[in-house]
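The values are calculated or read from the model by the stated rules, or taken from the named source; none is laboratory data. Keep in mind it's a predicted model, so treat the numbers as computed, not measured. Cβ placement follows ideal geometry from the backbone for every residue including glycine, while neighbour counts extend to all protein chains displayed.
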Amino acid sequence: MRQFRWTNPSLPQTLQIAVVLLYISGFFAVLRGLTLIGHPLSIFLILTGLLAFGAAQGTVRERKNGYRLAVLYGFLEMLGEVLGMLAAFSAWDLIGVLLALALVGLLLHPMSRGYYRTWFR
């Protein structure tokens, strides 16, 4: 049986940083969802956080579907942050947009894409 691991040291640094950002983003999405218990948006936020954890684990295990899920999550997070910023602007929203852009940039970096094409199953 394979041992559970949070990161994969054989991944290039762009993917390793993206995995850490996925874990952090997923944690805060679940935390936001738990603070809004009773609100219809809470279940969506919790599921989004779990999606980020699944994408991170898929990327750590070098699975193509995990990487694709991570890219999808990155774009969805970026869209959500931009829409949230348009609704009511605050400095925290700007930081969220920048982190979402960083996640997508790290996932689509040529080093990440090359490793994905070569080693992911």
Residues in the range 85-100 that are part of a loop (DSSP other than H, G, I, E, B) and either at pLDDT 80 or above or of a type in the set (Phe, Trp, Tyr) (or both): how many? 1
Given (1) closer than 15 Å to GLY96 by Cα; (2) at pLDDT 95 or above; (3) among the charged types (D, E, K, R), number of the condition GLU77 does not satisfy: (2)
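Out of the residues in the range 37-95 meeting the condition of being more than 16 Å from the chain's Cα centre (by Cα) and β-branched (Val, Ile, Thr), tell me which one is surrounded by the most Cβ atoms within 10 Å (Cβ to Cβ). Let's see the steps before the verdict.
Going through the range 37-95, the residues more than 16 Å from the chain's Cα centre (by Cα) turn out to be 37-43, 83-94.
Pick out the ones that are also β-branched (Val, Ile, Thr) and you get 37, 43.
Numbers: ILE37: 9, ILE43: 12.
Top of the filtered list is ILE43.
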Taking ALA55 as meeting all but one of (1) assigned to a helix (DSSP H, G or I); (2) in contact (Cβ under 8 Å) with a residue 40 or more places away in the chain, write down the number of the exception. (2)
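In the range 1-36, what count of residues is obtained for those that are outside any loop (DSSP other than H, G, I, E, B) and either buried (at least 16 other Cβ atoms within 10 Å of the Cβ) or over 14 Å from the mean Cα position of the chain (by Cα) (or both)?
Let us first name the residues in the range 1-36 that are outside any loop (DSSP other than H, G, I, E, B), namely 13-35.
From the residues that got through so far, the ones that are either buried (at least 16 other Cβ atoms within 10 Å of the Cβ) or over 14 Å from the mean Cα position of the chain (by Cα) (or both) too are 13-19, 21-23, 25-26, 29-35.
Adding up the residues that qualify gives 19.
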Reported set for the range 74-120 where residues are of a type in the set (Val, Ile, Thr), free of Cβ contacts under 8 Å to residues at least 24 places away in the same chain and closer than 30 Å to PRO9 by Cα is ILE95, VAL97, THR118
